[in-house]
Amino acid sequence: MTTKTVRTVQPAKDWKPESWTDKPAAQQVRYPDSAALSDSLLQLSKLPPLVTSWEVNALKQDLAEAAAGHRFLLQGGDCAETFAACEPGIISNRLKVLLQMSLVLVHGLKVPVVRVGRFAGQYAKPRSSDDETRDGVTLPSYRGDLVNDIDFTESSRVPDPRRLLKAHARSAMTMNFVRGLIDGGFADLHHPEYWDLSWADQSPQAAQYQQLVGSVQEAIRFMEILGNQRVGALSRVDFYTSHEALHLPYEQAQTRQVPRQWGWYNLSTHLPWIGKRTAELDGAHVEYFRGLRNPIGIKVGPEMTPDWLNGLLDTLNPDDEPGRITLIHRLGYDKIEQYLPALIDTVQQSGKTVLWCCDPMHGNTETTRFGHKTRQFDNIRKEVELSFDIHGDHESRLGGIHLELTGENVTECTGGARKLTDEDLKQAYLTTVDPRLNHEQALELAMLIVAKRQSVMPIELSS
Ligand code: PEP
Ligand code: CO
């Protein structure tokens with residue numbers, strides 16, 4: 001019999017939803033009209049939440065199980081959601097890709113997949129510079145649809161606080177549609193054909209994927225015949241949301257107390273994460289996250305030092321609460337061997353448990369000679385494979401993957417089975433910020449993850 005340690009989690013000391021305002025806040029927006037900002041925030045603070053505390057708690061439990069190796073996290077979606085892309089086709093195609101990938105992962109890894117979308121709130125972007133200059137004209141940088149418009153005109157780039165309400169509404173519509181689809185049977189494993197993308201029949205992975213679907217359906221039929229009943233649990237899945245909680249006034253306005261729960265929840269999303277550029281120990285973002293009861297993600301780049309990481313774990317998870325921290329490393333295929341081992345050592349020496357997740361996108365961004373920001377599929381693949389190897393060599397466990405992807409037939413990342421070239425990118429380059437995997441590339445990566453994981457650690461069915 002195993003004994004379970006029950007950990008007591010204490011409320012964060014001296015914390016209030018607004019205590020971050022005493023700290024230096026990176027990447028914040030300067031609104032010219034502060035009265036309009038206050039008005040939007042007040043309205044926002046009264047609107048219904050987008051998620052519930054019990055869903056947030058359920059996700060934390062799932063992430064704790066992923067950290068223990070009993071689940072695998074699939075987190076994916078757009079780099080930057082846009083208001084214009086809040087439409088049914090785009091939302092359902094993105095859901096289809098995530099469902100298809102998770103089927104591949106469940107089938108290959110033999111563990112349940114925790115599905116977390118980068119959607120229903122991924123509207124704010126950190127930028128390397130406050131301004132952008134084109135042909136001698138300098139304007140504020142585009143900071144995501146939450147803040148301003150991407151058009152390069154003066155009026156479009158002025159931060160507009162009414163966008164905060166629009167983003168909340170778009171997030172609610174996205175959530176509502178996703179929930180409706182899932183509850184209505186869209187994710188039903190008896191009917192994975194619902195998830196087929198019309199343009200993807202010719203995909204290089206189509207045959208392998210259809211074969212897998214066939215064998216899953218066969219297994220379901222077999223189980224149902226044996227049990228002499230339809231397995232209802234196969235008709236719906238849990239789907240969670242996440243976004244970078246970058247814009248602190250927006251996040252604060254949706255930070256709530258809930259009846260019969262202690263503490264504070266950010267109820268704009270299930271899994272907020274701290275971006276690489278806003279993870280300073282003494283900074284406002286870490287202060288804000290410290291008091292939340294949500295599970296939280298932390299992006300970890302090559303600049304992260306052992307002391308810094310230790311400080312983050314102490315501040316953000318002093319009680320070592322299971323499922324609380326997901327460390328999302330995004331180091332680059334050419335740097336991961338240099339940096340990841342020390343980060344793993346640091347966590348191991350801290351005695352704390354984290355869920356390790358690999359983001360093979362953000363360390364592998366480059367610009368083609370035609371000026372497109374891109375990522376080479378092969379570099380993404382290498383970073384994923386190296387992640388499995390390095391964790392395996394250090395008696396650690398990679399328990400998740402974080403991707404920028406879309407269900408649309410875009411050409412933003414090069415390579416993959418169709419061998420997209422730099423030239424090809426102009427065919428359908430639609431992203432407003434970072435290049436995303438298209439459906440084929442995403443599915444191919446899911447298959448490669450299974451193959452790699454199998455080669456590092458033979459997969460057995462756990463009892
Ligand atoms: C992102 O996930 O879109 C992002 C900006 O990542 P990072 O903070 O890792 O650079
Ligand atoms: Co990005």
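Brief remarks on what is shown
- For segment 426-458, a tally of residues being away from ligand 2 (no atom under 16 Å from the Cβ), within 19 Å of Ala85 (Cβ to Cβ) and over 20 Å from the mean Cα position of the chain (by Cα) returns 2.
- The set of residues in segment 71-128 being assigned to a loop (DSSP other than H, G, I, E, B), of a type outside the set (Phe, Trp, Tyr), out of contact with any Gly (no Cβ under 9 Å at 6 or more places or on another chain) and more than 16 Å from ligand 1 (Cβ to nearest atom) consists of Ala84, Cys86, Glu87, Lys110, Pro112.
- Leu103, sole failed condition from (1) surrounded by fewer than 23 Cβ atoms within 10 Å (Cβ to Cβ); (2) modelled with pLDDT of 95 or more: (2)
- Contact map, segment 330-353: residues that are over 15 Å from Val384 (Cα atoms) paired with residues that are of a type in the set (Asp, Glu) and outside any helix (DSSP H, G or I), Cβ distance under 9 Å, separation 6+ or inter-chain. Pairs shown: Ile344/Glu395; Gln348/Glu395; Ser350/Asp320; Gly351/Asp320; Lys352/Asp320; Thr353/Asp320.
- Pairs meeting the criteria (first residue in segment 392-407 and closer than 16 Å to Ile449 by Cα, second residue charged (D, E, K, R) and away from ligand 1 (no atom under 16 Å from the Cβ), beta carbons under 9 Å, at least 6 apart or on different chains) are Leu398/Arg453; Gly399/Arg71; Gly400/Arg71.
- Identity of the residue in segment 372-418, of a type in the set (A, V, I, L, M) and over 20 Å from the mean Cα position of the chain (by Cα), that ends up surrounded by the fewest Cβ atoms within 10 Å (Cβ to Cβ): Ala417
- Any hit, segment 297-309, residues being surrounded by 23 or more Cβ atoms within 10 Å (Cβ to Cβ), of a type in the set (Asp, Glu) and within 16 Å of ligand 1 (Cβ to nearest atom): no
- Residues in segment 66-89 that are within 22 Å of Val433 (Cβ to Cβ), more than 16 Å from ligand 2 (Cβ to nearest atom) and open to solvent by less than 40 Å² (accessible area, probe 1.4 Å): Leu74, Phe83, Cys86, Gly89.
- Residue count, segment 272-290 (criterion: within 16 Å of ligand 2 (Cβ to nearest atom) and open to solvent by less than 10 Å² (accessible area, probe 1.4 Å)): 6
- Checking each residue in segment 339-371 for being in contact with a Pro (Cβ under 8 Å, 6 or more places away or on another chain), of a type in the set (Ser, Thr, Tyr) and open to solvent by 40 Å² or more (accessible area, probe 1.4 Å) picks out Tyr339, Thr353, Thr365.
- Tabulated pairs, segment 443-463, first closer than 25 Å to Glu404 by Cα, second at pLDDT 95 or above and among the small types (Gly, Ala, Ser), C-beta under 6 angstrom, 6+ apart or interchain: Val456/Gly392
- Gly371 satisfies every condition listed in (1) of a type outside the set (A, V, I, L, M); (2) within 16 Å of ligand 1 (Cβ to nearest atom); (3) without any contact (Cβ under 8 Å) to a residue 24 or more places away in the chain except (2).
- Test: residue in segment 125-144 that is more than 25 Å from Gln210 (Cβ to Cβ) and within 16 Å of the chain's Cα centre (by Cα): yes
- Matching residues in segment 209-238 - criterion: being surrounded by 12 or more Cβ atoms within 10 Å (Cβ to Cβ), free of Cβ contacts under 8 Å to residues at least 40 places away in the same chain and under 22 Å from Leu443 (Cβ atoms): Gln210, Gln217, Ala219, Ile220
- Helices (runs of 4 or more DSSP H) contained in segment 188-294 and holding at least 1 residues basic (Lys, Arg) and at negative phi: 206-227, 284-290
- Residue in segment 251-259 that is at pLDDT 95 or above, away from ligand 2 (no atom under 16 Å from the Cβ) and touching a Gly at 6+ places or on another chain (Cβ under 6 Å) present: no
- Residue count for segment 36-55, restricted to those that are crowded, with 18+ Cβ neighbours inside 10 Å and small (Gly, Ala, Ser): 2
- Among the residues of segment 31-42, not a single one is among the acidic types (Asp, Glu) and under 18 Å from the mean Cα position of the chain (by Cα).
- Criterion: in contact (Cβ under 8 Å) with a residue 12 or more places away in the chain, open to solvent by 40 Å² or more (accessible area, probe 1.4 Å) and under 25 Å from the mean Cα position of the chain (by Cα) - qualifying residue of Phe119, Phe177, Phe152, Phe186: Phe177
- One residue stands out among those in segment 310-338 that are buried (at least 19 other Cβ atoms within 10 Å of the Cβ) and basic (Lys, Arg): the one that is farthest from Arg71 (Cα to Cα), which is Arg330.
The values are calculated or read from the model by the stated rules, or taken from the named source; none is laboratory data. All figures in this text were calculated on a predicted structure; none of them were measured in a lab. Here the Cβ is made from the backbone with ideal geometry for all residues, glycine too, and neighbour counts use every protein chain on show. SASA here: full protein model, heavy atoms, side chains in, ligands and nucleic acids out. Shrake-Rupley method; radii C 1.70, N 1.55, O 1.52, S 1.80 Å.
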